[in-house]
1. Report, by residue number, each residue of segment 138-161 that is hydrophobic (A, V, I, L, M, F, W, C) and exposed (fewer than 11 other Cβ atoms within 10 Å of the Cβ).
2. If the Cβ limit is 6 Å and pairs must be 6+ apart or interchain, which residue in segment 150-165 that is on the phi > 0 side of the Ramachandran plot pairs with which residue that is surrounded by 16 or more Cβ atoms within 10 Å (Cβ to Cβ)?
3. Within the set of pairs 6+ apart or on separate chains, which have a first residue in segment 88-102 that is exposed (fewer than 13 other Cβ atoms within 10 Å of the Cβ), a second that is part of a helix (DSSP H, G or I), and C-beta atoms under 7 Å apart?
4. So which of THR108, THR119 is of a type in the set (Ser, Thr, Tyr), surrounded by fewer than 15 Cβ atoms within 10 Å (Cβ to Cβ) and under 33 Å from the mean Cα position of the chain (by Cα)?
5. Which residues, taken from segment 25-38, are within 12 Å of MET83 (Cα to Cα) and modelled with pLDDT of 85 or more?
6. Being in contact with a helix residue (DSSP H, G or I) (Cβ under 6 Å, 6 or more places away or on another chain) and at positive phi narrows it down to one of GLY140, GLY131, GLY97, so name that one.
7. Quick one: ILE143 ticks every box in (1) within 30 Å of ILE24 (Cβ to Cβ); (2) outside any helix (DSSP H, G or I); (3) among the β-branched types (Val, Ile, Thr) except a single one, so which number is it?
8. Can you name the condition, by its number, that ARG85 falls short on among (1) under 30 Å from LEU183 (Cα atoms); (2) part of a loop (DSSP other than H, G, I, E, B)?
Amino acid sequence: MNDNANTLAHSTPLRKGSAFRRIIRAVVSWLMMALSVIVGVVGTIAAFFGAAFLLESSTALFVAAFSVGFLLTYGGAWIAARMLRWARPGRIALGVGAATMLLLAVVTAVTILQPLGSTAAARQPPPIPFGVVYWRLRTGSHIAYLKIPAQGRARATPIIMVGGGPGEEDVADTSQTQFFGQLAREGYDVYFYDQIGSGLSARLVQAITNTFRV
C-alpha cells in the first residue's frame, strides 16, 4: 500500500510536466503554422517587387512571386505539422501552402487587378486648344504639338516639354501649358507635344498600319 502511494506521488508531477510540455508544443506549433502563412504572403509580395528588377513579363512576375510564397508557406507548415506529430506532414503543408496562395491570388484578382472605372466625361476626346499644329510623319500618322512663342526677342534654344507616360496628354492639359508656358516670358519658345498613341496624336494601331503600308 505504501509502495503504491509513493509511486503515485512520484509519477503525478511527471505526468503534469509532460502535459504542460505538450500544451507548450501545441501552442508553438500552431503559432508556427500561422507564422508560415504570414511569411508566405509577405514573401510573395517581396518576391514580386524583387523579381520586377529581373523580369519584364507580368506573367513571369506572378509565377515567380507565388512560387516563392508557396515554398515559404510549405516549409513553415511542414515544420509545424512535424512538431504537432501529425501523420503525413507533407500533405498538410502542401494543402496549407496551396490554400494560402489560392486565397492570395483571389484577393489580388478582386482588388489590384481590377480595371479602373471610367466615366462618360473621361471617354470624351480632349478639347483642341487654339494654336495646335500637327506634325505629319513619313509613316502617314501625325503628332500634335503646341507652341507658345517667346515674348520679346526669342532665345536661340527653345524649351521642349517632354511629358510623362505612357498615355499622358500634354497639349490639351491647360494646367501644364499655362504653368510651363510662363517660361515664354523669359524669352523661350515653349513646345508641348503628345506622344504617339496619346492625346491628340495618332493612335498606335493607326501608326503601325500606316508603317506597314509604307
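1. ALA156
2. Taking only residues 6 or more apart or on different chains, the pairs are GLY165/GLN195.
3. GLY90/TRP78
4. THR119
5. Within segment 25-38, VAL27, VAL28, SER29, TRP30, LEU31, MET32, MET33 qualify.
6. Exactly one of GLY140, GLY131, GLY97 is in contact with a helix residue (DSSP H, G or I) (Cβ under 6 Å, 6 or more places away or on another chain) and at positive phi, namely GLY140.
7. So the condition that ILE143 fails would be (1).
8. Here ARG85 clears every test but (1).
The values are calculated or read from the model by the stated rules, or taken from the named source; none is laboratory data. What you are looking at is a predicted structure, and each value in this text was computed from that prediction instead of being measured. Reconstructed Cβ throughout: ideal geometry from the backbone, glycine too, with neighbour counts over all protein chains shown.
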